[in-house]
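To start, the structure under review is shown below, and the notes come after it.
The values are calculated or read from the model by the stated rules, or taken from the named source; none is laboratory data. Being a predicted model, the structure only gives us computed values, none of them experimental. Here the Cβ positions follow ideal geometry from the backbone for every residue, glycine too, while neighbour counts run over all protein chains shown. We work out accessible area using only protein heavy atoms, side chains counted, and drop any ligands, DNA or RNA first. Shrake-Rupley method; radii C 1.70, N 1.55, O 1.52, S 1.80 Å.
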Amino acid sequence: MDDRKIQILIDSFWPMLKAGLQFTIPLALISFVLGLVLAIVVALVRIWKVPVLNQIAGFYVWVIRGTPLLVQLFIIFFGLPTIGIEFDPFLAAVIAFTLNMGAYNSEIVRAAIQSISSGQWEAAYSLGMTRGQALRRIVLPQAARVSVPPLSNSFISLVKDTSLAYTVTVVEMFQVSRQIVATNYEPLLMYCEVAVIYLMFCTVLNALQNVMEKRLERFSTR
Amino acid sequence: MIQIRNLHKSFGSLEVLKGIDLSLDKGKVLVIIGPSGSGKTTLLRCLNLLETPNAGSLSLGSSQLAFDGGRKPRKEEVLKLRQNTGMVFQSYNLFPHKTALENVMEAQIVVQKRGKDEARKRSLELLAKVGLSDKADVYPHQLSGGQQQRVGIARALATDPEVMLFDEPTSALDPELVGEVLKVMKELAAEGMTMVVVTHEMKFAAEAADTVVLMDGGVIIEQGPPRQVLNNPSGERAAQFLNLLTEKEL
Ligand SMILES: Nc1ncnc2c1ncn2[C@@H]1O[C@H](COP(=O)(O)OP(=O)(O)OP(=O)(O)O)[C@@H](O)[C@H]1O
Ligand SMILES: [Mg+2]
């Protein structure tokens, strides 16, 4: 590899990483957190078979899981403005990814909550706790432990999927790499470099996942 | 303290309790025995409304509940009754993500809204009472079955219930651990706690019970002081069942 190429790699590294820290990670983080809240609500609505809401939730999960994320993104950013609903690019991406996470993670959360034995609910009820108290204090903390591995996977997928946001003009990390390619005509080099940065992100996240699982291992759920 | 009249409970088309009448005075110990599937657990769970009876009435402490016509108690009534009863489960059902101390503190903080310090102090007293002062900061999976069940008893006592309910508290335990749990229960009884105990520990029934009830097929077929029920049952069916139990113990 000649000096010019090495110089190109070095010069483009920071702009890409910066876009990653400024847009890719926040986009993923915000969407994941909002999506998790949505997922818990959807999971509870379905577990408790809340009338009407249960049907709506089932429909929502069915639609989101049965259609491509890219198409959902296009509907929100390019489609909705034609009926007068407009979002700026970042917000459109947050909405699309949140809805996506909400649907996929609701299944994870639901399975985790249902894996907690009914004896835990009963013990909580027998002490005089309400359903909400039993959920918050007893069941969710245990379900959280069960769902850390699948939710981490889901988050790592999301970090990579945020690259789709370039299609709705969010200047996230992948978009920056495309812009740099347009100036230096080194697609192989630049796309490999951005791939390496994604890899770095995911490696760090994996390590965090391991730390979290260790911390939660203090107790065993039998 | 407890008055049950004509209590019925069905699961779908299966009628599990077919009209139970019982009463228990304050400070007395009631032991329920009976073959598997006779409805002992269901009856116990009706007493703290983990199951809602389909008909009949229940009064416990200051709670008065009638279930006739499929009437369901209000949420506040349910919570009040549950705070006034403590339940000890066959499989302990301790909260695995909380230490022994936290298990005992939990309801005091969440349900009774006691301050942390007060809850901790009371919990340490209760753990001392069940002989587990040294295990306060240990998680349930690090405890033996007998120790877990004693934490279960301390946890159930933490809301200062007027009535304690035990559902076969020792039947999941290795034989050598049964004694330590029964000892705690006997101490409770001696202190004047009102207790309803489902158990097949005949020695406990004979020594600690004021009344023994024998259930079969969703009805009470024998009821009286332990000496009478255990030694001189009047009915054929009761005699058969007791013979079976004594054979098992020999
Ligand atoms: N939630 C439920 N749904 C349907 N049937 C139930 C339910 N709970 C209990 N039953 C049935 O009710 C009957 C009585 O059960 P219960 O648990 O009260 O018996 P038990 O006397 O406690 O028996 P064991 O000694 O085996 O614990 C059984 O036939 C059981 O299958
Ligand atoms: Mg039972």
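Worth pointing out:
- Pairs are defined by a Cβ separation below 7 Å, a sequence spacing of at least 6 or placement on different chains, a first member in segment B:187-211 that is more than 26 Å from B:SER36 (Cα to Cα) and away from chain A (no Cβ under 14 Å), and a second member that is more than 16 Å from ligand 1 (Cβ to nearest atom) and outside any helix (DSSP H, G or I); the pairs so defined are B:LEU188/B:MET164; B:LEU188/B:MET195; B:GLY192/B:GLY27; B:MET193/B:MET164.
- Just one of (1) surrounded by fewer than 21 Cβ atoms within 10 Å (Cβ to Cβ); (2) free of Cβ contacts under 8 Å to residues at least 60 places away in the same chain fails for B:LYS28. It is (2).
- Residues within segment A:114-132 that are surrounded by fewer than 21 Cβ atoms within 10 Å (Cβ to Cβ) and assigned to a helix (DSSP H, G or I), tallied: 9
- Helices (runs of 4 or more DSSP H) wholly inside segment B:36-115 containing at least 1 residues that are away from ligand 1 (no atom under 16 Å from the Cβ), within 19 Å of the chain's Cα centre (by Cα) and farther than 25 Å from B:SER171 by Cα: B:75-83, B:100-110
- Any hit, segment B:132-140, residues being under 20 Å from B:LEU188 (Cβ atoms), open to solvent by 50 Å² or more (accessible area, probe 1.4 Å) and not β-branched (Val, Ile, Thr): yes
- Members of segment A:19-69 found to be without any contact (Cβ under 8 Å) to a residue 12 or more places away in the chain and more than 19 Å from the chain's Cα centre (by Cα), listed by number: A:TRP48, A:LYS49, A:VAL50, A:PRO51, A:VAL52, A:LEU53, A:ASN54, A:GLN55, A:ILE56, A:PHE59
- Of all residues in segment B:171-198 being within 16 Å of ligand 2 (Cβ to nearest atom) and at pLDDT 95 or above, the one that is surrounded by the fewest Cβ atoms within 10 Å (Cβ to Cβ): B:VAL198
- Note on segment A:38-56: among residues that are more than 15 Å from A:LEU140 (Cα to Cα) and either of a type outside the set (Lys, Arg) or out of contact with any helix residue (DSSP H, G or I) (no Cβ under 7 Å at 6 or more places or on another chain) (or both), the one that is most open to solvent (accessible area, probe 1.4 Å) is A:LYS49.
- The number of residues in segment B:127-144 being more than 10 Å from chain A (Cβ to nearest Cβ), of a type in the set (Ser, Thr, Tyr) and assigned to a loop (DSSP other than H, G, I, E, B) comes to 1.
- Verdict on A:ALA103 being open to solvent by less than 50 Å² (accessible area, probe 1.4 Å) and either touching a Ser or Thr at 6+ places or on another chain (Cβ under 6 Å) or at the interface with chain B (Cβ under 10 Å from one of its Cβ atoms) (or both): no
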